[in-house]
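Read the structure below first, then the notes.
Here, each number is a calculation from the coordinates, and none is a lab measurement. These numbers were taken from a predicted model, which means no experiment stands behind them. Using ideal geometry, Cβ is built from the backbone for each residue, glycine included, and neighbour counts are taken over all protein chains shown.
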Amino acid sequence: MARLIEHPCVQHKLAIVRNAETGHKRFRELSREITQFICYEALQNIRTKEVMVETPVGPATCRMIDTDLVVIPILRAGVGMLDGILELVPTARVGFVGLYRDEDTKQPVTYYERLPPQIEGGTCIVIDPMIATGGSTVAALDLLKEHGARNVVVICIVTCPEGIEAVEAVHPDVRIYAAAIDEKLNDKKYIVPGLGDAGDRLFGTSHV
Ligand code: PRP
Ligand code: URA
């Protein structure tokens, strides 16, 4: 299931991120900000616990997060979303999955994995700005579940119906949160209109 975050603050930032004229510094800043807003929504129902806090005036019954959060950026572009989440939940643990899409086959190739131990009791948050064919997300989710993950959400910036269907077909329990669900993929399996190559735009590695 996919949830679209339509808040005007998110959509305003997304418009700037999509613009081909936006340079990598601004692209990075906005990716971080958009991710933070989406994560805020995605974590709405995580477990909290009651705590007593002494204010200067007296005891207050408060609630604090009581969930082991594990953030998993898909390298490389997912790294551009990590700081936004860690600003929101600074005690989250972080694992990494390195995947790239083979330029010819468009299939994901795994080149790195480093997950924290004992992720099965927590909530895993997979981050990647783009879910296009869905292949990279499915590969990351497969890996997480092999390591015992049971409660997983995916946060992306832009996706499309094909990507959502591919993830849902294999991992129907995983909710996707996105700032945009675009129309389609082009013949190079890029999202249209999308925002281009997210990794290149984040890190200034575009050669065009
Ligand atoms: C991009 C993006 C996703 C993937 C999406 O990464 O960040 O990981 O493509 O495509 P898919 O849904 O069809 O798998 P890319 O492979 O370009 O690697 P990068 O992050 O290193 O640039
Ligand atoms: N990867 C990207 O970075 N952008 C797309 O549109 C598709 C895959």
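Applying 1/(1 + (r/R0)^6) with R0 = 25 Å to the Cβ-Cβ distance of GLU183 and ASP104 gives a FRET efficiency near 0.55. Built from the Cα atoms of the chain, the convex hull projects on average onto 12.8 nm², one quarter of its surface area. Think of each Lys and Arg Cβ as +1 and each Asp and Glu Cβ as -1; about the Cα centre, that makes the dipole of region 125-180 roughly 180 debye.
Just going by the charge dipole of the chain, with Lys and Arg at +1 and Asp and Glu at -1 on Cβ, which of PRO56, THR137, ILE119 is farthest out on the positive end? Farthest towards the positive pole: PRO56.
Net charge in the neighbourhood of VAL109 (other residues with Cβ under 15 Å of its Cβ; Lys, Arg +1, Asp, Glu -1) is -2. When the chain is described by a simple charge dipole with +1 on each Lys and Arg Cβ and -1 on each Asp and Glu Cβ, the residue from ILE155, LEU30, HIS7 located farthest towards its positive end is LEU30. Using a cut-off of 25 Å between Cα atoms, the listed pairs LYS106/LYS184; LYS25/LYS184; LYS49/LYS145 include LYS25/LYS184; LYS49/LYS145 as exceeding that distance.
Calculate, in whole percent, how much of the Cα-Cα pair population of region 104-208 lies beyond 23 Å. Please report the intermediate quantities before stating the final value.
Numbers: 1522 of 5460 pairs.
So the pairs more than 23 Å apart make up 28 percent of the total in region 104-208.
Put simply, when 187-195, 127-135 are sorted by average Cβ atoms within 10 angstrom per residue, most first, you get 127-135, 187-195. Computed about the Cα centre, the dipole magnitude for region 2-203 is approximately 300 debye when only Lys and Arg (+1) and Asp and Glu (-1) carry charge, each at its Cβ. The share of alpha-carbon pairs in region 1-95 lying farther apart than 14 Å comes to 73%. Reducing region 150-208 and region 45-89 to their Cα centroids gives an inter-centroid distance of 25 Å. The angle separating the long axis of helix 161-170 from the principal Cα axis of greatest extent in the chain is about 60 degrees. Here the sum of -39500 (n - 2.57) over DSSP H runs of 4 or more residues, divided by the residues of the chain, equals -10000 deg cm²/dmol at 222 nm, to the nearest 500. The three principal axes of the Cα atoms in region 124-165 give end-to-end lengths of 28, 15, 13 Å, sorted in falling order.
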